[in-house]
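Undergrad: Sharing a structure below in structure tokens format, with a few things to ask.
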Amino acid sequence: MGRGMNMQNIIKSENSSKKCNDIIALTSIVDRLPFPAYKKGFFIRSSILVPLLGLALGPFCFFNAQAAAISVSSDSTDPADKHIYIGQYDLTTNLWGIRGAGSNWYADIFTHSISHVDGAGYKWSGFAGNQTNVKAYVSLRYGASNKQNIASVTGLPYLFENNDKNVDVLWSFESSGEDGTGNIVGKYNHTLDVFFNATNSTKVSEIRGEVMIITDSSQDAQMAGWGVKDIQPFIISGEIWDVWQATQTSHGHSWHVTQFRKRLNSRYFNHNLKDFFFAAAARRPDIFMRHYYVMMVEAGTEIKNGSGRVYYTKYRVSITRNRRHVPASNRPDLSH
């Protein structure tokens, strides 16, 4: 499996902790309370509350509470988006195109820690319908798209200006078939997503541009990009990324999308996004303008059809609030 937790161990911990899920899920209410409440000492964080509840209910729950803190699902009978909040990260099913998925589908999100996102993930199955349209973008959100975002903590959103913020992202993940063996079935993109808005509002009508960074995809998705392919690729640290320009429309509003598609699939990404932003703005200066806002950084899977499972071995986002470019050797250590 490479880096991180073993997939089979994750499945075992999911199944063994079902008996405790009802109690553990109550702690999500605590973690969704505004951050200032913790500072005032009004509530106990779930990192303390979960073990205490588990101990009260017996050793089984005590030892399994941390193993699978929360698991929630959306399905064809309950198609509402689901969320798990882990600090300033929001793990969500994000079913924005689910109307085209047919029936008898589900998307499940889970976390194995209540303090960090390592080991969190998702699985899905039953997605049918049109193979071209995205049904869901199951993802971890950091920034304004997280309804509990605290801008003073995350640094998002921020004014793009001269692209003088460092947006360091470390993202590594593992994937398999739905049952934890084999490979994902169907059509998908594993992608980072960043929106540029006219204001710091999250309304769809405010979107002006989007940067997608696709690190890994199903073979058919990789071969045929979306929109028009630029003649010149983008090269960084020896990696070659093909660049595609396209238009997206949602709720009657359209905006431009610049896609960076890595030629060689990879489940590991460690870059400063300002380098990608610079390339996007150089190619489309009419779109990525200085008075727009960088809203958030999301990492997840665009699902068009099929089934599979993904879990995050690492996901870290760091916004450096200074006006100098930080060389890779001096960037924040995001590995912990």
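Undergrad: Considering the Cα trace of segment 228-275, what is its radius of gyration and what is Dmax, both in angstroms?
TA: 13.0, 40
Undergrad: In Å, what is the Rg of the alpha-carbon atoms in segment 189-261, and how long is Dmax?
TA: Expressed in Å, the Cα Rg and Dmax of segment 189-261 come to 13.2, 40.
Undergrad: Taking the Cα atoms of segment 68-330 alone, what are Rg (to one decimal) and Dmax (as a whole number) in Å?
TA: 17.4, 51
Undergrad: Moving on to the next point. Check cross-link reach from Lys123 to the aspartates and glutamates: straight Cα distance under 13 Å, and skip same-chain residues fewer than eight apart.
TA: Leaving aside aspartates and glutamates fewer than 8 places away in the same chain, those within reach of Lys123 are Glu14, Asp75, Asp108, Glu174, Glu178, Asp179, Glu302.
Undergrad: Fewest Cβ neighbours within 10 Å first, please rank Glu174, Glu239 accordingly.
TA: Glu239, Glu174
Undergrad: Still on this structure, please answer the following. At what distance in nm do the modelled label points of Arg321 and Glu239 sit from each other, each positioned 7 Å from its Cα along Cα→Cβ?
TA: 2.8 nm
Undergrad: If I stretch the segment between Ser113 and Arg99 completely, what's the gain in nm (0.36 nm per residue apart, minus their alpha carbon distance), one decimal?
TA: Answer, rounded to one decimal: 1.9 nm.
Undergrad: If you don't mind, there's one more thing I want to ask. Would you list, by chain and number, the aspartates and glutamates whose Cα falls below 16 Å from the Cα of Lys147, excluding same-chain residues fewer than 8 positions away?
TA: Within the straight-line cut-off, Lys147 pairs with Asp31, Asp81, Asp90, Glu298.
Undergrad: If I stretch the segment between Ala198 and Gln232 completely, what's the gain in nm (0.36 nm per residue apart, minus their alpha carbon distance), one decimal?
TA: Length difference between fully extended and current span is 9.4 nm.
Values quoted throughout were computed directly from the atomic coordinates according to the rules given, and no laboratory measurement underlies them. Just so we're clear, the structure is a prediction, and the values are computed from it rather than from any experiment. Cβ sites come from the backbone with ideal geometry, for glycine too, and all protein chains shown count toward neighbours.
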